[in-house]
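Here's the structure, in structure tokens; my notes come after.
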Amino acid sequence: MTTISSICFKLKGLASAQCRVVNPSLFYATGTALATLTLVLLLAACGVDSKRFRVEGRFLNLNRGEFYVYSTNGLIDGIDTVKLEAGRFTYDIPCEREGTLVMVFPNFSEQPIFAQPGKSVDMEGNASHLKELTVKGTKDNKLMNQFREAILDASPPQIAKTAAMFAADNPASPVAVYLVRRYFITTPTPNYKEADRLLKLLLQQQPKNGELHRMQSLVTSLAKTSVGAPLPAFQARSTKGEIVNQQTYNKAAVAVFNVWSTTNMQSMEIQRMLKQKLREAKGKLQVVSLCVDPLQRECKDILERDSISWPNICDGAMFEGDVAKKLGIYTVPFNILLKNGKIVAKDLDTNQLKEQLDKLL
């Protein structure tokens, strides 16, 4: 996995978020009085009205960088970029209904933020300990802080158990919706049976929640990607403009669907290993990859540098793209291994995937 040492994303040029970044050093350049006046004016200009939502953040051990924001329920369109200057950022958006934002950091860890019209929240954290982030300002964000504190030193099974308990105890909260998605659906080891159980509980309290109904449909769809099933139907264009779909890979003797990113070294290592295996297989292996970078340019540069010629999909939507959703992909690195059109393994590391390919080829 990528590490926090790569905290400054190299991904540039994404459509800018509706955010305002204020460099605190500005206020020390022309004297205390002027600085104070400037700060007061800026704060007045940035006041949250009844149709906006704002996040103000402070990070220790991180002076400047970028991270990304998306919404699980359409509060914003696409992916926004948030810029950090002097350890601080301000992210301000139009907001006329409640919604869930997810901040994605360079190591692909996530921080959900529960937005409400006319509200503002404060995020505080240490870049060296992202698990200990806190978001203050609303009841739902406070509840999420409690959950994060409860799982701080927990094992994966304990985390899942705690997530299920929190969701069941707070079925009317958007926190419960996020926890079901994060820990039972969009995880390398999904538990669709438990997700279905929890979704039914949540829908009793939130019967008109469209996100919950979509998640219920998604669980039904993702259950089809279990071991023994064929690769689900999808269609996309590769970085070279070719039409890519599941048919080629479901007909192959051996096939790999690989997920990678230019910011994740392990996933790029798997790509290079697959290049070697493809050369050795002499036509017995088919490979297709999905790059979850938000910029196709970065993806193309690496493909050209490493002389990788098999089809690579990069739609710029990260984990929110159509292909990622249809195949249940929410992490990187990730891969699906097929034999004679049937899934035989998923989410293998470099050595495990190499060993399996050695056996199958």
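The values are calculated or read from the model by the stated rules, or taken from the named source; none is laboratory data. Keep in mind that what you see is a predicted model, and the values were worked out from it rather than measured. Here the Cβ positions follow ideal geometry from the backbone for every residue, glycine too, while neighbour counts run over all protein chains shown. Areas reflect the complete protein model, heavy atoms only, side chains present, ligands, DNA and RNA absent. Shrake-Rupley method; radii C 1.70, N 1.55, O 1.52, S 1.80 Å.
Select, from Ser267, Ser173, the only residue that is under 18 Å from Asp347 (Cβ atoms), among the polar types (S, T, N, Q) and open to solvent by less than 20 Å² (accessible area, probe 1.4 Å). Steps first, please.
Values: Ser173 fails: under 18 Å from Asp347 (Cβ atoms).
Within the list Ser267, Ser173, the selection yields Ser267.
Asp347 passes all but one of (1) under 26 Å from Glu110 (Cβ atoms); (2) surrounded by fewer than 17 Cβ atoms within 10 Å (Cβ to Cβ); (3) acidic (Asp, Glu); which number fails?
That leaves (2) as the condition not met.
Can we say Lys200 is more than 24 Å from the chain's Cα centre (by Cα), more than 21 Å from Leu303 (Cα to Cα) and of a type outside the set (Val, Ile, Thr)?
Values: more than 24 Å from the chain's Cα centre (by Cα): yes; more than 21 Å from Leu303 (Cα to Cα): yes; of a type outside the set (Val, Ile, Thr): yes.
Considered against the rule, which asks whether it is more than 24 Å from the chain's Cα centre (by Cα), more than 21 Å from Leu303 (Cα to Cα) and of a type outside the set (Val, Ile, Thr), Lys200 comes out as yes.
Which members of segment 281-301 meet the condition of being touching a residue at least 40 places away in the same chain (Cβ under 8 Å), open to solvent by 20 Å² or more (accessible area, probe 1.4 Å) and touching a strand residue (DSSP E or B) at 6+ places or on another chain (Cβ under 9 Å)?
Lys284, Glu298, Lys300
Residue by residue through segment 192-209, note down the ones that are touching a residue at least 12 places away in the same chain (Cβ under 8 Å) and either in contact with an Asp or Glu (Cβ under 7 Å, 6 or more places away or on another chain) or not in a helix (DSSP H, G or I) (or both).
Answer for segment 192-209, where residues must be touching a residue at least 12 places away in the same chain (Cβ under 8 Å) and either in contact with an Asp or Glu (Cβ under 7 Å, 6 or more places away or on another chain) or not in a helix (DSSP H, G or I) (or both): Gln206, Asn209.
Scan segment 72-124 residue by residue and report those that are of a type in the set (Gly, Ala, Ser) and either modelled with pLDDT of 95 or more or open to solvent by 10 Å² or more (accessible area, probe 1.4 Å) (or both). Spell out the reasoning first.
The first filter runs over segment 72-124 and keeps only residues of a type in the set (Gly, Ala, Ser), leaving 74, 78, 86-87, 99, 109, 115, 118, 120.
Residues satisfying the conditions are Gly74, Gly78, Ala86, Gly99, Ser109, Ala115, Gly118, Ser120.
Does segment 211-232 include one or more residues that are farther than 21 Å from Ile329 by Cβ, surrounded by fewer than 19 Cβ atoms within 10 Å (Cβ to Cβ) and of a type outside the set (Gly, Ala, Ser)?
yes
Restricting the search to segment 309-318, which residues are modelled with pLDDT of 95 or more and either aliphatic (A, V, I, L, M) or closer than 14 Å to Gly241 by Cβ (or both)? Let's see the steps before the verdict.
Within segment 309-318, the first condition is being modelled with pLDDT of 95 or more, and the residues that meet it are 310-314.
Once the filter is applied, which keeps residues that are modelled with pLDDT of 95 or more and either aliphatic (A, V, I, L, M) or closer than 14 Å to Gly241 by Cβ (or both), segment 309-318 yields Pro311, Asn312, Ile313, Cys314.
Only one residue in Val259, Val227 is closer than 24 Å to Val344 by Cα, part of a loop (DSSP other than H, G, I, E, B) and not aromatic (Phe, Trp, Tyr). Which one?
On the way: Val259 fails: part of a loop (DSSP other than H, G, I, E, B).
After applying the criteria, what remains is Val227.
Conditions first: (1) over 20 Å from Ile302 (Cα atoms); (2) within 21 Å of the chain's Cα centre (by Cα); (3) in contact (Cβ under 8 Å) with a residue 24 or more places away in the chain. Ser261 passes all but one, so which condition is the exception?
(1)
Which pairs turn up if I take residues in segment 310-331 that are farther than 27 Å from Gln216 by Cβ and look for partners that are among the small types (Gly, Ala, Ser) with beta carbon separation below 6 Å, at least 6 apart in sequence or on another chain?
Pro311/Ser238; Asn312/Ser238; Asn312/Ser289
So for segment 206-224 (the condition being over 19 Å from Glu320 (Cα atoms) and of a type in the set (Gly, Ala, Ser)), does at least one residue qualify?
The answer is no, given that none of the residues of segment 206-224 is over 19 Å from Glu320 (Cα atoms) and of a type in the set (Gly, Ala, Ser).
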